[in-house]
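Shown next, in C-alpha cells, is the structure this report addresses.
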Amino acid sequence: MKTIKVNIVTPDGPVYDSEVNMIIANTVTGEIGVLPGHIPMVAPLEMGAIRLKKDGQTDIVAVSGGFLEIRPDQVSILAQAAEVSQDIDLIRAKEAVKRAEERLNLTKKDDVDFKRAELALKRAMNRINVYEGNI
Ligand code: ATP
C-alpha cells in the first residue's frame, strides 16, 4: 500500500512524524480524506481530530485548529496545539473544563473572558473526546 509522509508541528515542536496510508481531517469547508498523490492544496482546519491510518491501525491527534498543506508526497499540519491521543492528560482536560465552566457562569456573554472561556472549553472537550475515542 502506498504511503504519504505526515508532519504535525506546533510552536512547542513536532508532535507527529510518520508515513501513513490515509489522513482524514476536518477543514472549515468539510471533511477531507487525503491519499498519496493528492493534488497540492492548503486549507484551514477546524478544531477536532486528525485520523491517520497506517497498516490497518489508526492514530488520532487532537488539534486546536491550524492549517493543512498537502503536497503529493507530504502533508504538513501546523497548529497552535496538538496532542496524540495517548499523550492527552485526561485529568488536566477535565480540570480545564471545570475552570472554563466556572468562568462562563461568572462572566457576561459579550465579555472577552467569556469568549476565552468558551474556547478553552472547546479545546478541553476536544481533548476529552479524542482521548475517549468519541470522534
Ligand atoms: P490548560 O488550561 O490545561 O493549560 P489549554 O487549552 O489552555 O489547557 P493550550 O494553550 O491549548 O492549553 O496548550 C498549551 C500546551 O499544553 C500545548 O503544548 C498543549 O499541547 C498542552 N496541553 C494542554 N492541555 C493538555 C492535555 N489535557 N493533555 C496534554 N497536553 C495538553
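The values are calculated or read from the model by the stated rules, or taken from the named source; none is laboratory data. If you're wondering where the values come from, they're calculated on a predicted model, not measured in any experiment. All Cβ positions, even for glycine, are placed from backbone atoms using ideal geometry, and neighbour counts span all protein chains on display. The accessibility values were calculated without ligands, DNA or RNA, using every heavy atom of the protein model including side chains. Shrake-Rupley method; radii C 1.70, N 1.55, O 1.52, S 1.80 Å.
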Please enumerate, by chain and number, the aspartates and glutamates with C-alpha under 13 Å from the C-alpha of Lys5, excluding those fewer than 8 residues away in the same chain. Asp17, Glu19, Glu69, Asp73
All lysines inside 20 Å of Lys108 as judged from Cα atoms, apart from same-chain residues fewer than 8 positions distant: Lys98, Lys122
How far is helix 90-106 tilted, in degrees, relative to the longest principal axis of the Cα atoms in the chain, given as a value from 0 to 90 rounded to the nearest 10? 40
Probe of 1.4 angstrom, ligands and nucleic acids ignored: what's the accessible area per residue over the chain, in square angstrom? 61
Eligible aspartates and glutamates near Lys94 by straight Cα distance, threshold 18 Å, same-chain separation 8 or greater: Glu83, Glu102, Glu118, Glu132
Heavy atoms of Ile8 accessible to a 1.4 Å probe, total area in Å² rounded to 10: 0
Express the C-alpha Rg of the range 4-85 as a ratio against the empirical globular expectation 2.2 N^0.38 Å, rounded to two decimals. 0.95
Rg (one decimal) and Dmax (whole number) from the Cα set of the range 45-131, in Å, equal 15.2, 49
DSSP loop (so not H, G, I, E, B), at most 15 other Cβ within 10 Å: list which trypsin sites (Lys or Arg not before Pro) in the range 30-135 pass both filters. Lys108, Lys109
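Percent of Cα-Cα pairs more than 17 Å apart in the range 89-132, please.
28
Per residue of the chain, what 222 nm ellipticity follows from adding -39500 (n - 2.57) for every DSSP H run with n ≥ 4, rounded to the nearest 500?
-9500 deg cm²/dmol
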For the range 46-68 and the range 113-135, what is the separation of their C-alpha centers, rounded to whole Å? 15
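How big is the dipole moment of the range 4-85 about its Cα centre under a simple scheme where the beta carbon of each Lys and Arg is +1, that of each Asp and Glu is -1, and everything else is neutral? Debye, nearest 20, please.
160
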If I take every Cα pair under 8 Å that is 6 or more residues apart in the range 4-85, average their sequence separation and divide by the length, what percent do I get for the relative contact order? 33
If Leu106, Leu78, Leu45 are ordered by their accessible area, calculated over protein heavy atoms with a 1.4 Å probe, which sequence runs from highest to lowest? Leu106, Leu78, Leu45
Mind pulling the angle between the C-alpha long axis of helix 112-132 and the longest principal axis of the chain? Nearest 10 degrees, somewhere in 0 to 90. 50
